[in-house]
Amino acid sequence: MKYWLGIDVGTGGSRALLVRADGTVVSGVTAAHEDILMLKPLWAEQRPQDWWNASRQAVRQLLAETGVRGEQIAGVGLSGQMHGLTLLDAADQVIRPALIWCDQRSQEQVDWINAKAGKDMVLEQTANPVLTGFTAPKLLWVRDHDPASYERVRRMLLPKDYIRFCLTGEYVSEVSDASGTALFDVMQRRWARPLVDKLGIDASVLPEVVESPQTTGRISRAAAEETGLQAGTPLVGGGGDQAASAIGNGIVKPGLVSCTVGTSGVVFSHLEEAAYDPEGRVHTFCHAVPGKWHIMGVTQGAGLSLQWFRNQLATGLADQAAREGVEVYDLLTEEAAAVPAGAEGLYWLPYLMGERTPHLDANARGGWVGLTAKHTRGHLVRAILEGVAYSLNDCLGIIESLGASVEAVRASGGGAKSPLWRSILAGVFTKPIATLQTQEGSAYGAALLAMVGTGEFGSVEEACGGVIIEQRRDLPDSALTAAYGRGYATFRDLYPALRDLFPKM
C-alpha cells in the first residue's frame with residue numbers, strides 16, 4: 001500500500017501526518033519545539049535546528065508507530081509557519097536564531113523600505129504593504145544590528161524550506177510562502193527583482209521558487225538515515241501554513257472561507273483573480289493552487305492569547321486536568337461556558353504581539369478592558385474567546401468588502417476543537433461554522449499537495465473534491481448574534497481610543 005507524508009513546521013512543534021490514497025488519515029505525530037526566545041518585548045526567535053530535530057523525530061516516530069516502511073511513502077509535502085528568517089553561510093550552517101513571524105522589532109526597517117522604495121513601488125511590486133512581520137524587514141534588521149552575521153549570509157530560507165534543505169539539500173521555496181517575504185511579485189509569481197535591487201539585497205541569496213505541487217527534490221541518503229524515509233522519495237513544494245491549511249480545508253473555489261484558530265488566527269478566501277486591499281489591511285498572496293491567489297486577514301494573538309493565559313495564569317489547574325484526564329484548556333472553556341455572552345462587559349484585546357488586520361500596528365498591546373471585582377476566571381477566559389472572535393470578524397468584514405462571497409466558514413486549528421469557541425465564532429460572524437471530517441489542516445494540505453505532485457490526482461481541485469467532507473455545521477444562535485452585535489460595536493471602539501497610548505507604553 002502507498003502512503004503520502006505531510007510535514008508541518010508550526011510554531012509550537014512539527015507535525016508529521018500519514019495519509020492513504022483515498023485521503024484517509026492513518027496517524028499523526030507532533031514533536032514539540034523549544035520555547036520561543038523572547039529576549040525583549042515583541043521579539044520572537046527560534047532555532048532552525050530545533051525545527052529539524054522535531055521534524056525528523058516526528059517522522060521517525062510516526063513510521064515506527066504505524067509500521068509503515070520508508071519505501072511505502074510515495075511522496076512528501078511540506079508546510080510551515082511563514083515569514084521566518086533562516087540564514088545560512090557558505091558552509092550551509094545556520095548563522096543565528098531565526099526571527100519568526102510574530103517578531104515585531106523591525107519597524108525602523110519597514111520605515112526605511114517605504115522611504116527608499118516608496119510605498120507605491122512596494123504595493124505595485126508585492127501587492128501588499130511591507131509589515132514588521134514579513135521577512136524583508138527582518139533581513140534588514142540583521143543588516144543594521146548584526147552586521148557580522150549579515151556579512152556571512154549566502155542563503156535565505158523560510159522555515160519549511162529549511163526543512164526541505166535538510167531533507168534534500170535543495171534551496172527551493174514555493175509561491176505561497178514566498179508571497180509573505182515582501183520581496184515577491186505576487187501578481188507575476190516571481191521574485192520582485194526591481195524591489196530587491198532597490199533595497200540593495202543580493203538576489204543570489206534568494207531560493208528558486210516553484211508552484212506548490214511541483215517536485216522540488218528527493219530525499220537524500222543522509223536524511224533517509226535520520227528519518228527512516230527512503231532515499232529518492234520525491235518532495236513537492238508544499239505551502240505556507242495558511243495556504244496549505246486552506247488546501248486541507250478545501251478552500252479552492254469561491255464561496256468558502258476558512259478560519260484557522262492556531263497560535264495566530266487567519267481568515268482566508270480563495271481568489272480566481274488577484275485583487276488587493278489598497279489600504280493593506282489584509283494580505284493578497286499566491287495560493288497553493290497553481291495560477292490562483294488568496295486573500296487573508298491575520299490576528300497575531302489568537303490561540304496565543306489562550307495559551308498565554310494557561311501558561312501564566314492557570315498553572316494551578318494542571319493537577320486537576322491530569323486527574324480528570326483532560327486538557328487544561330477544557331477546564332478553562334468549561335468555566336467560560338458558564339459565563340453569559342458578552343462576559344458581563346469585559347473585553348479582551350488580543351494584541352499580545354502587536355496586530356496586523358486591520359490595524360497594522362506593531363505597538364498595539366493586549367489586555368482586558370472593563371474589569372470589575374465581580375469578574376471571575378471564567379469571565380477572563382470567555383472575554384479572550386470573544387475578543388479573538390471579534391478580531392477575526394474584523395478580517396472577515398474586510399474580505400467581504402473586497403467582493404469575496406461567504407456561504408460558510410470552515411474552522412480548523414486548535415480553537416476549532418472547542419464547541420464553545422465555535423459557537424462564539426458563529427454568533428460573531430453570523431455565518432455557519434463548518435467542521436470537516438479531517439481537521440488536520442496544514443499537514444493534511446501538504447500531504448494532498450504531495451499526492452497531486454506525484455500524479456495520484458490530476459489537480460489540487462480534484463484532490464480536495466475527492467477527499468474533503470464536511471462533518472457538521474454550527475449555526476448562529478439568534479440570541480448570541482444580538483449580544484455579539486452589540487459587543488463587536490464596542491470592541492471596535494477600543495483600539496482607536498487606546499491607539500495613541502500604545503507607543504508610550
Give the peptides 1-7, 493-499 in descending order of average Cβ contacts within 10 Å, highest first. 1-7, 493-499
For the stretch 408-461: rounded, prolate or oblate by the Cα gyration tensor [a/c cutoff 1.5]: prolate
Ignoring ligands, DNA and RNA, what percent of the accessible area of the stretch 220-269 is carbon or sulfur (1.4 Å)? 48 percent
Only four residue types carry charge here, +1 at the Cβ of Lys and Arg and -1 at the Cβ of Asp and Glu. Report the dipole size of the chain about the Cα centre in Debye, rounded to the nearest 20. 320 debye
Of [x] 53.2, 169; [y] 21.6, 63; [z] 23.6, 71, the label for Rg and Dmax of the Cα atoms in Å derived from the coordinates: [y]
How large, in percent, is the carbon and sulfur part of the accessible surface of the stretch 409-488 at a probe radius of 1.4 Å? 47 percent
If a/c stays under 1.5 just call it rounded; otherwise compare a/b with b/c (prolate if a/b is bigger, oblate if not). Do that for the stretch 140-212, with a ≥ b ≥ c from the square roots of the Cα gyration tensor eigenvalues. oblate
Which of the peptides 442-449, 281-288, 430-437 is most tightly packed, and how do the rest follow, going by the mean number of other Cβ atoms within 10 Å of each residue? 442-449, 281-288, 430-437
Relative packing of 250-260, 225-235, which averages over residues the other C-beta atoms within 10 Å, highest first: 250-260, 225-235
Volume of the Cα convex hull of the stretch 360-505, divided per residue and given in Å³: 159 Å³
Using 7 Å Cα-to-Cβ label points, what is the E334/E279 separation (nm, one decimal)? 4.3 nm
Take the Cα atoms of the stretch 441-505, build their convex hull, and give its volume per residue in Å³. 180 Å³
Considering the zone a paramagnetic label at R486 would reach in this model (a point 7 Å from Cα along the Cα-to-Cβ line), which residues of the stretch 338-367 have amide N under 18 Å from it? 339-348
Radius of gyration and maximum dimension Dmax of the stretch 1-123, Cα, Å: 18.5, 57
Can you work out the accessible area per residue across the chain, with the rest of the protein chains kept in place, probe 1.4 Å, in square angstrom? 37 Å²
Return the carbon/sulfur percentage of the accessible area of the stretch 67-209, one whole number, probe 1.4 Å, all protein chains in place. 44 percent
Cα to Cα, under 25 Å, and not fewer than 8 places away if on the same chain: which lysines meet these conditions relative to K116? K138, K198
Determine the equivalent ellipsoid of the stretch 75-224 by diagonalising the alpha-carbon gyration tensor, then write out the semi-axes as square roots of 5 times the eigenvalues, largest first, rounded to whole Å. 25, 18, 13
For the stretch 321-402, the Debye formula with one identical point scatterer on each Cα and no solvent gives log10 I(q)/I(0) at q = 0.11, 0.13, 0.19, 0.23 Å⁻¹ as -0.37, -0.50, -0.88, -1.05
The stretch 151-259: radius of gyration and largest Cα-Cα distance (Dmax), Å: 15.5, 48
Farthest towards the positive end of the dipole of the chain, among S55, W141, L317 and with Cβ unit charges of +1 on Lys and Arg and -1 on Asp and Glu, lies the Cα of L317
Could you give the size of the charge dipole of the stretch 147-290 about its Cα centre, using +1 on the Cβ of each K and R and -1 on the Cβ of each D and E, expressed in debye and rounded to the nearest 20? 200 debye
For the stretch 71-150, compute Rg over Rh where Rg is the Cα radius of gyration and Rh is the Kirkwood radius from the inverse mean 1/r over Cα pairs. 1.09
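The values are calculated or read from the model by the stated rules, or taken from the named source; none is laboratory data. Fair warning: this is a prediction, and the values are worked out from it, not measured in the lab. Every residue, glycine as well, gets a Cβ built from its backbone with ideal geometry; the counts of neighbours run over all protein chains shown. Each accessible area value is taken on the protein alone, full model and side chains, heavy atoms only, with ligands, DNA and RNA left out. Shrake-Rupley method; radii C 1.70, N 1.55, O 1.52, S 1.80 Å.
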